[in-house]
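Single-structure report; data block below.
The values are calculated or read from the model by the stated rules, or taken from the named source; none is laboratory data. Only a predicted model underlies this, so the values are computations on that prediction, with no experimental measurement involved. Glycine gets a Cβ as well: all are built from the backbone with ideal geometry, and neighbour counts include every protein chain shown. In case anyone asks, the SASA skips ligands and DNA or RNA and just uses the protein heavy atoms, side chains included. Shrake-Rupley method; radii C 1.70, N 1.55, O 1.52, S 1.80 Å.
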Amino acid sequence: LDVNMGCPKKFSVSGGMGSALLGDMNRACDIIKTLRRNIGCNKPVSAKIRLLDEENPKPTVDFVRNLVKAGANAIAIHGRIRGDESHIMARWETLINVVKELKMYGDVNVPIIINGDLYTREDIREMKRRTGCDGVMLARPALYNISLFNRGKEEEKEGDGVGKAGGSNNDGEEEEEVPISQFQQTNHSGHYGYKSPLLHSRTSIVQEYIAHCVRYRTHSKNAKYVVCEMMNARRAPSTRVPYLNMEYEGGQNIASVCKCRNLNDLIKVWDCKWTIPMPSAKSSAALSGDGGDGVEAQGD
């Protein structure tokens, strides 16, 4: 059971939920204690929070330590403070300091997960190396290209993070570390960068998503919304946008998706008929009666 203490949306904050809890440590801890008391020890309780200060790690560290003391089994930390918009870079430097300090305390013996602008596996590897975190959480980067989760053979052997915080060259000598703000704005072009061979084409990713929509009878309006979100970078930091490829093999664009009235139209726009198992006539009829999203059975 995960408690979202990081949502900055007005509907959430105005009701005392989401990131409003970051300003009320006692109530946040009481929620964790109450959940722990009522669901028992066999079911994990976690919380997602934001940084509590732009630069000073102490407020966030204190908040996390109290959540853990209250019974939280894991904590995810988003690298922005309340009020930061998604087009502003996540505050990686502060996030690094927070996690490194948390790891110094013996009472924080739960997984610490980081989140915020991890658009490439290079980002993931570097931030795991610098912070010593236990894992990462992805949202917008996964929406951009879900194959970001693909791990290479090297990572399967050694894990996502390479070495300890600090870094060394091939001769084992210590290298001067690039400032994280500079690294954050770099066009990662290597094996784990924006054009990594581990990534699938974004066209095939959208086609696969539409296949799942057909399979699980997703309403076309929901499918269109998600596809449009996959196709644009409106929620990405402005420093990242130049590196995010928005071109598709068939020349598809948001306008062509918006014109689609049902899943059949989406299938045609994205040329999915050879990439997904089309439903039977009986299934198609069932889909036609659910939101008007019938899918025509087509041969190869």
Every residue from segment 182-196 that is of a type outside the set (Phe, Trp, Tyr) and either under 20 Å from the mean Cα position of the chain (by Cα) or buried (at least 17 other Cβ atoms within 10 Å of the Cβ) (or both): 184, 185, 186, 187, 188, 193, 195, 196
Of the residues in segment 38-55, those that are open to solvent by 20 Å² or more (accessible area, probe 1.4 Å) and touching a residue at least 24 places away in the same chain (Cβ under 8 Å) number 10
Under 7 Å between Cβ atoms, at least 6 apart or on separate chains: pull out the pairs that start in segment 111-140 with a residue that is under 16 Å from residue 48 (Cβ atoms) and end on any residue that is acidic (Asp, Glu) and open to solvent by 10 Å² or more (accessible area, probe 1.4 Å). 111/134; 112/134; 113/134
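Every residue in segment 243-253 that is over 30 Å from residue 182 (Cα atoms) and either among the small types (Gly, Ala, Ser) or open to solvent by 60 Å² or more (accessible area, probe 1.4 Å) (or both), please.
Listed by number, the residues that qualify are 249, 250, 251, 253.
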Failed condition for residue 20, given (1) open to solvent by less than 50 Å² (accessible area, probe 1.4 Å); (2) of a type in the set (A, V, I, L, M, F, W, C); (3) modelled with pLDDT under 95; (4) in contact with a strand residue (DSSP E or B) (Cβ under 9 Å, 6 or more places away or on another chain): (4)
Report yes if residue 240 is open to solvent by 60 Å² or more (accessible area, probe 1.4 Å) and under 17 Å from residue 142 (Cα atoms), otherwise no. no
Going through segment 1-18 in order, the residues found to be under 21 Å from residue 71 (Cβ atoms) and touching a residue at least 24 places away in the same chain (Cβ under 8 Å) are 1, 2, 3, 4, 5, 6
If a residue has to be open to solvent by 20 Å² or more (accessible area, probe 1.4 Å) and either touching a Leu at 6+ places or on another chain (Cβ under 7 Å) or not in a loop (DSSP other than H, G, I, E, B) (or both) to count, how many in segment 103-120 make the cut? 1
What do you reckon, is residue 84 in contact with a Pro (Cβ under 9 Å, 6 or more places away or on another chain) and either outside any helix (DSSP H, G or I) or modelled with pLDDT of 95 or more (or both)? yes
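For residue 65, indicate whether it is touching a Phe, Trp or Tyr at 6+ places or on another chain (Cβ under 8 Å) and at pLDDT 95 or above.
Taking the combined requirement at face value, the residue satisfies it.
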